[in-house]
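Notes follow the structure.
The values are calculated or read from the model by the stated rules, or taken from the named source; none is laboratory data. In this text, all values refer to a predicted model and were calculated from it rather than measured experimentally. All Cβ positions, even for glycine, are placed from backbone atoms using ideal geometry, and neighbour counts span all protein chains on display.
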Amino acid sequence: MTLSLKASLTWLILCVVMFANGAIRALVLQPRLGEDLARQVASLTGVLFVLLASWLFVRAASETTSRQLLWVGAGWLRPHLCLSSVSGSFLDLAGERCWPSTTSSGAASGR
């Protein structure tokens, strides 16, 4: 299996895992822990999942150089940013902002 195919499959697996992480946060953790703590726990588990997947990928692609692995990381970043932008646009259309707007009344009034 080529390096690019391994990298693509790992990224797709990470998408599924991170989607499940978010669903568990929303459906299980948030009702029990509250929104803030549930987001913190899900962020920590998300980071651990990414580190684990990256470690497993590097072990499986042991014949690669550091330079190739840096390109894989850059390759993972590109679709991640695109997916985040698209999903952020959908959330914004639904009225559920992921982050505060710089044009909100709080920013305009200097709070």
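Computed quantities for the displayed model
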{"quantity": "Tally, over the stretch 3-23, of residues that are more than 18 Å from residue 71 (Cβ to Cβ) and either modelled with pLDDT of 95 or more or small (Gly, Ala, Ser) (or both)", "calculated": "3"}
{"quantity": "Residue within the stretch 73-86 that is assigned to a helix (DSSP H, G or I) and in contact with a Lys or Arg (Cβ under 9 Å, 6 or more places away or on another chain) present", "calculated": "no"}
{"quantity": "Single condition residue 14 does not satisfy, out of (1) over 17 Å from residue 77 (Cα atoms); (2) surrounded by 15 or more Cβ atoms within 10 Å (Cβ to Cβ); (3) under 14 Å from the mean Cα position of the chain (by Cα)", "calculated": "(1)"}
{"quantity": "In the stretch 28-53, the residues that are within 28 Å of residue 72 (Cβ to Cβ) and either among the aromatic types (Phe, Trp, Tyr) or free of Cβ contacts under 8 Å to residues at least 12 places away in the same chain (or both)", "calculated": "43, 44, 47, 48, 49, 51, 52"}
{"quantity": "Index of the failed condition, residue 6 passing every other in (1) within 18 Å of the chain's Cα centre (by Cα); (2) closer than 18 Å to residue 78 by Cβ", "calculated": "(1)"}
{"quantity": "Filter result for residue 81 (at pLDDT below 90, within 30 Å of residue 27 (Cβ to Cβ) and touching a Cys at 6+ places or on another chain (Cβ under 8 Å))", "calculated": "no"}
